[in-house]
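Below is one structure, written out as structure tokens, with a few remarks after it.
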Amino acid sequence: MAVWIQAQQLQGEALHQMQSLYGQHFPIEVRHYLSQWIEGQTWDSIDLENPQEEFRAKRLLESLVQELQNKAEHQVGEDGFLLKIKLGHYASQLKSTYDRCPLELVRCIKHILYTEQRLVREATDSSSPGGGLLDSMSQKHLQINQSFEELRMMTQDTENDLRKLQHNQEYFIIQYQESLRIQAQLSSLTNLPPADRLLREPALQTKRATVEAWLTREANTLQKYRLDLAEKHQKTLQLLHKQQTIILDDELIQWKRRQQLSGNGGPPEGGLDVVQSWCEKLAEINWQNRQQIRRAEHLRQQLPIPGPIEELLTDLNKHITDIISALVTSTFIIEKQPPQVLKTQTKFAATVRLLVGGKLNVHMNPPQVKATIISEQQAKTLLKKENTRNDSSGEILNNNCVMEYHQATGTLSAHFRNMSLKRIKRSDRRGAESVTEEKFTILFESQFSVGGNELMFQVKTLSLPVVVIVHGSQDNNATATVLWDNAFAEPGRVPFSVPDKVLWPQLCEALNMKLKAEMQSSRGLSEENLVFLAQKAFSSSSINPEEYRSLTMTWSQFNRESLPGRNFTFWQWFDGVMELTKKHLKPHWNDGAILGFVNKQQAQDMLMSKPNGTFLLRFSDSEIGGITIAWVADNPNKAGERMVWNLMPYTTKDFSIRSLADRISDLNHLLFLYPDRPKDEVFSKYYTPPLSKAVDGYVKPQIKQVVPE
């Protein structure tokens, strides 16, 4: 089913997220009227980082404009007249927006399609049976199961044909032996007297002629059986290859993508039980067909009959071996990724799993898995299948582990529980790149045989990118590298290339996902919060969210260049806010008591219309990981005039001494949390109860906060 049809059935927050994808940079009407054309183009095949792809992107832009113009021309009637003008306007608008940067159009549409698919999938996963959204996932699973039933029947059919062929061939050999016996009898007649020979020879010659005629006919029949069987095997392997591609390239890749996004705080990737059951069925059917093809080859060798069957069987054997090889190598996966920010001399864990290990009896001779840390360049070389000479970029302790078979779950996996990165060898850095931008990966590799040493496999899999740090102070910059990579990595990329710039809405989605995960909250970033962040990121004063939708943010703007007038980057400021809130302010954030993303001027404008004693909590602009209280009160220097006061920002250090709620309780001039909630109603449940009596004769002193008059 078309994604757009399903996207239109989204509701609530999912519908709002879908609508927010569109704006002047790409109007929703264009998506609606050209939905079939848009979903029919091969956007994913365009490499956004390759300038040579600009020509293809330009062709797609021209085609899009042409499709819009054609759509406009076919509008008739009163309503059609308005739509005709609107579509024509959009065609001109898109041409002028993307004519000089057509790859940005591709980036935009790829993001839209990917997000719509994710929203539809999430809505499908959470919707009840009978919900408004058609369960496309269940439909897909049904199709997969139907294909397995078809493959099972086809494999059973070729098994029956093979037995019939074997039976007929055995009978043919018996008859062939009979023809040899008759020939021997005819040869022996030369030793008899002529009268006896004349008496017996005609009958034997007639019998020989009959048997030879039958053998000729039967040889042709056997050859036809063999060719028919090979043709059936070809059809089975075609469907098998198609089914395997759906499971490995769609379902398993989607699971890996969910696993990657979960590293940014996305929903858990889910279990592998369903995918494993499919992979085991694939392994079983693959192996049955391989055995059948080998038996057919054995029958051919047993009774060679000239014809094309020898070449056909060779091709079939190669094809089925390739399919099995792809299955085995693709199902050697990392079930639990190592930490993506990896500190040296610190214990870490990971789990690798072979989804077809149980079905192929690999556990009968348990293989050993080895873990090695390699650089981005070494990973590129490895994937190009060039000689890597077993290079590594560091030393991991406890990096060997034997795969264990768990009978109850049918899983074959290796649990690395006590690995530690002893040392790291860094490569020469490029330009402004820092050590926290350098990406490594953990290579897991093993080798084993299946089918009694019939086939030997060497399997390798790479972890998600890892940034190595030696000190906790590097953590936030390393996290930025990981966040950007997890959010914006394209499927099937060269390790570990990511776009240098992304659309602002894409970055907002990644930041929102991260924040909600860190706060363990359903409260994410509101549109007002995102406008505040855009103002900070782009040094802008505009409050119109539409103006930011088509802007792009580069990696340098995100975490290389300091914000104007500050000594920290955009990410460092945002990460500081998350850390402070996660450690000390989580309940207040989840209660909605912290506005947070408000600048000084906005706070002043908001408070000046409220009664004295009204206050709000906002994150500090000038300090990483700071929060300040702004309140409105009389100006002591001018009678009858009011002003907004700001407390010096609190940091983690302050809250480790006295909590935010207690500090607000201490300040008697703070009366109402903006807009008009009595402060005790909001914060009293978090106040520290007063000490009622002395302990061991000692009275414990209390710290209280005061603000000088």
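Before moving on, here are some points about what is shown:
- Look at region 184-198: where a residue is under 17 Å from residue 208 (Cβ atoms) and a partner is at pLDDT below 80, sitting 6+ places away or on another chain with Cβ atoms under 7 Å, you get 189/197.
- Within region 537-545, the presence of at least one residue that is part of a helix (DSSP H, G or I), modelled with pLDDT under 95 and closer than 26 Å to residue 18 by Cα is confirmed.
- Subset tally (residues that are in contact with a Leu (Cβ under 8 Å, 6 or more places away or on another chain), in a loop (DSSP other than H, G, I, E, B) and open to solvent by less than 70 Å² (accessible area, probe 1.4 Å)) for region 670-703: 1
- Residue within region 345-357 that is without any contact (Cβ under 8 Å) to a residue 40 or more places away in the chain, surrounded by fewer than 21 Cβ atoms within 10 Å (Cβ to Cβ) and of a type outside the set (D, E, K, R) present: no
- Inspection of region 238-249 finds a residue satisfying the criterion of being surrounded by fewer than 15 Cβ atoms within 10 Å (Cβ to Cβ), in a helix (DSSP H, G or I) and modelled with pLDDT under 90.
- Selection count, region 481-516, where residues are closer than 19 Å to residue 464 by Cα and assigned to a helix (DSSP H, G or I): 11
- Test: residue 440 is among the aromatic types (Phe, Trp, Tyr), within 28 Å of residue 558 (Cβ to Cβ) and modelled with pLDDT of 90 or more: yes
- Looking only at region 206-228, and only at residues there that are basic (Lys, Arg) and over 60 Å from the mean Cα position of the chain (by Cα), the one that is most open to solvent (accessible area, probe 1.4 Å): 207
- Flag if residue 464 is in a loop (DSSP other than H, G, I, E, B), closer than 30 Å to residue 357 by Cα and either of a type in the set (A, V, I, L, M, F, W, C) or in contact with a His (Cβ under 9 Å, 6 or more places away or on another chain) (or both): yes
- Residues in region 335-347 include none that are farther than 30 Å from residue 437 by Cα and touching a helix residue (DSSP H, G or I) at 6+ places or on another chain (Cβ under 6 Å).
Residue-wise test of (1) without any contact (Cβ under 8 Å) to a residue 40 or more places away in the chain; (2) assigned to a loop (DSSP other than H, G, I, E, B).
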{"position": "9", "(1), (2)": "no, yes"}
{"position": "16", "(1), (2)": "yes, no"}
{"position": "29", "(1), (2)": "no, no"}
{"position": "37", "(1), (2)": "yes, no"}
{"position": "52", "(1), (2)": "yes, no"}
{"position": "57", "(1), (2)": "no, no"}
{"position": "61", "(1), (2)": "no, no"}
{"position": "65", "(1), (2)": "yes, no"}
{"position": "70", "(1), (2)": "yes, no"}
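- Residue pairs meeting the criteria (Cβ under 6 Å; at least 6 apart or on separate chains; first touching a residue at least 40 places away in the same chain (Cβ under 8 Å) and under 26 Å from residue 342 (Cα atoms), in region 400-424; second part of a strand (DSSP E or B) and basic (Lys, Arg)): 413/353; 418/347; 420/347
- Taking the conditions (1) out of contact with any helix residue (DSSP H, G or I) (no Cβ under 8 Å at 6 or more places or on another chain); (2) exposed (fewer than 15 other Cβ atoms within 10 Å of the Cβ) in turn, residue 427 satisfies each one other than (1).
- Flag for residue 498 being at pLDDT 90 or above, closer than 21 Å to residue 561 by Cα and open to solvent by 20 Å² or more (accessible area, probe 1.4 Å): yes
- When restricted to residues that are open to solvent by less than 10 Å² (accessible area, probe 1.4 Å), of a type outside the set (A, V, I, L, M) and within 27 Å of residue 578 (Cα to Cα), region 602-624 contains 4.
- Where residue 570 falls short, out of the listed (1) open to solvent by 30 Å² or more (accessible area, probe 1.4 Å); (2) within 16 Å of residue 598 (Cα to Cα); (3) touching a helix residue (DSSP H, G or I) at 6+ places or on another chain (Cβ under 9 Å): (1)
- So residue 420, is it modelled with pLDDT under 90 and surrounded by fewer than 20 Cβ atoms within 10 Å (Cβ to Cβ): no
- Tallying residues that are open to solvent by less than 30 Å² (accessible area, probe 1.4 Å), hydroxyl-bearing (Ser, Thr, Tyr) and under 30 Å from residue 289 (Cα atoms) within region 151-192 yields 2.
- Test result for residue 381, under 25 Å from the mean Cα position of the chain (by Cα) and either under 30 Å from residue 558 (Cβ atoms) or open to solvent by 80 Å² or more (accessible area, probe 1.4 Å) (or both): yes
The values are calculated or read from the model by the stated rules, or taken from the named source; none is laboratory data. Everything quoted here is computed from the prediction, not taken from an experiment. Glycine also receives a Cβ, built like all others from the backbone with ideal geometry; neighbour counts cover every protein chain displayed. Heavy atoms of the whole protein, side chains included, go into the accessibility calculation; ligands, DNA and RNA do not. Shrake-Rupley method; radii C 1.70, N 1.55, O 1.52, S 1.80 Å.
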